[in-house]
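Peer 1: Questions regarding the structure given below will be posed in turn.
The values are calculated or read from the model by the stated rules, or taken from the named source; none is laboratory data. All of these numbers come straight from a predicted model, not from anything done at the bench. Cβ coordinates were reconstructed from backbone atoms using ideal geometry, including for glycine residues, and neighbour counts include every protein chain displayed. We work out accessible area using only protein heavy atoms, side chains counted, and drop any ligands, DNA or RNA first. Shrake-Rupley method; radii C 1.70, N 1.55, O 1.52, S 1.80 Å.
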Number of protein chains: 2
Amino acid sequence: MTAPDMPDDPDAPARLRTLPSRLLGMAAMHADRVVAAGLSAADARKWHYAALVALHDLGPASQATLSRRTGIHRSDLVAVINELADRDLVERRPDPEDRRRNVVSLTPAGARWLSHLDDLLRSLQDDLLRPLSGPEREQLVDLLTRLVDHHTGIRRPTEG
Amino acid sequence: MTAPDMPDDPDAPARLRTLPSRLLGMAAMHADRVVAAGLSAADARKWHYAALVALHDLGPASQATLSRRTGIHRSDLVAVINELADRDLVERRPDPEDRRRNVVSLTPAGARWLSHLDDLLRSLQDDLLRPLSGPEREQLVDLLTRLVDHHTGIRRPTEG
DNA sequence: AAACTAACGTTAGTGTCACTAACGAATGGA
DNA sequence: TCCATTCGTTAGTGACACTAACGTTAGTTT
């Protein structure tokens, strides 16, 4: 029961404090903490939310396309769907048209759960972005989107 | 040596694509990849750089204060210092004034190595931020700094 | 028809990351 | 002298983002 001992870096050198890659990492870490803490109070994790959103907005899908839509690796998606199916939030059944596939679909309970998580997430995003004004939040989203879009699809400059 | 199979999320629902916490996570991931790949070409990792910068800018320090200055957890710092000391980039010796402590200091070779890494990192940040203009980069740094500053020091809203 | 290629879901395992827990040694205050 | 605290260190945890391999199923080629 000792208090956590890392006060982040109150006195880091400026060279580190202003390094964009480091700032991104730290901001992401805080974001992850806020979101994970909030979601865990609802017994959920971000992947659960991502999967539910994809199913709701884009309809039932095989695990492979769900993987593409959420960014969850297909080998990790198995467990996520297991957990959601265990709680009857999604249904997983074999695809009669292609027996390699499972079709995953949202149940009514899943849709209700999703709208609950949605409210929760909205307020978590708000916690996260508290120090920024409305326009600043849009600015941030815009800048990050352009960054991500630019780097998406690039794997490694110096690959084998 | 097969190609990576995750095209990120080309067709994720908008609700996910614009979620700030998710954007932060993805941007940070890309940033980490770019930086880690660049540094690994120089046989270094970001913690090595952070430690060297802290030693250079703020002078010799015990591992505990170095931990506070870099944000590296003190239990992880051990290995970082080991690796740097193995290459004679830093020196670790017991503090005569407090025999619990080690004093870690930069060697001349460490200083040279740091300035090399500095150049490297400058160009990596540039790669990372390529899609953004100069003012936009400053904007991003400003927004992220305020975000991080705001959340720094907060541990867990729902701690035991 | 047979053979090859590829996609699917699944399991197991890897390396990194941020962190907790515990330790022995040393310090400093009551 | 007792006690809490700090220090460096080791070991281990849980989440994450993968890779590798598998058996199954589906298309495509010949």
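Peer 1: Restricting attention to the stretch B:10-58, and to residues there that are assigned to a loop (DSSP other than H, G, I, E, B) and open to solvent by 20 Å² or more (accessible area, probe 1.4 Å), which single residue is nearest to A:HIS151 (Cα to Cα)? Write out each step before concluding.
Peer 2: Start the filter on the stretch B:10-58 by keeping residues that are assigned to a loop (DSSP other than H, G, I, E, B), which leaves B:10-13, B:18-19, B:42-45.
This time we only want the ones that are open to solvent by 20 Å² or more (accessible area, probe 1.4 Å), so: B:10-11, B:18-19, B:43, B:45.
Working: B:PRO10: 12, B:ASP11: 16, B:THR18: 16, B:LEU19: 18, B:ASP43: 23, B:ARG45: 21 Å.
Among those residues, the one meeting the criterion is B:PRO10.
Peer 1: Hey, another quick one. Got at least one residue in the stretch B:92-110 being open to solvent by less than 60 Å² (accessible area, probe 1.4 Å), assigned to a loop (DSSP other than H, G, I, E, B) and in contact with a Lys or Arg (Cβ under 7 Å, 6 or more places away or on another chain)?
Peer 2: Yes, that holds for at least one residue.
Peer 1: Tell me whether the stretch A:131-152 contains one or more residues that are closer than 19 Å to B:ALA14 by Cβ and within 12 Å of DNA strand D (Cβ to nearest atom).
Peer 2: yes
Peer 1: Follow-up question, since we're still on this one. Can you give me the number of residues within the stretch B:42-73 that are within 7 Å of chain A (Cβ to nearest Cβ) and free of Cβ contacts under 8 Å to residues at least 12 places away in the same chain?
Peer 2: Within the stretch B:42-73, the first condition is being within 7 Å of chain A (Cβ to nearest Cβ), and the residues that meet it are B:50, B:53-54, B:57-58, B:68-71, B:73.
In the following step, the residues that additionally are free of Cβ contacts under 8 Å to residues at least 12 places away in the same chain were identified as B:57-58, B:68, B:73.
The number of residues fulfilling the criteria is 4.
Peer 1: Right, another one. Taking A:HIS73, is it open to solvent by 40 Å² or more (accessible area, probe 1.4 Å) and more than 9 Å from DNA strand C (Cβ to nearest atom)?
Peer 2: no
Peer 1: In addition: Out of B:SER105, B:SER115, B:SER75, I need the residue that is of a type in the set (Ser, Thr, Tyr) and touching an Asp or Glu at 6+ places or on another chain (Cβ under 9 Å). Which one? Before you say what the answer is, go through the steps one by one.
Peer 2: Details: B:SER115 fails: touching an Asp or Glu at 6+ places or on another chain (Cβ under 9 Å); B:SER75 fails: touching an Asp or Glu at 6+ places or on another chain (Cβ under 9 Å).
Every option except B:SER105 fails the conditions.
Peer 1: Select, from A:LEU124, A:LEU147, A:LEU129, A:LEU143, the only residue that is crowded, with 18+ Cβ neighbours inside 10 Å, facing chain B (nearest Cβ under 9 Å) and over 18 Å from the mean Cα position of the chain (by Cα).
Peer 2: A:LEU143
Peer 1: Restricting attention to the stretch B:74-97, which residues are more than 8 Å from DNA strand D (Cβ to nearest atom), free of Cβ contacts under 8 Å to residues at least 24 places away in the same chain and not charged (D, E, K, R)?
Peer 2: Across the stretch B:74-97, the qualifying residues are B:ALA85, B:PRO94, B:PRO96.
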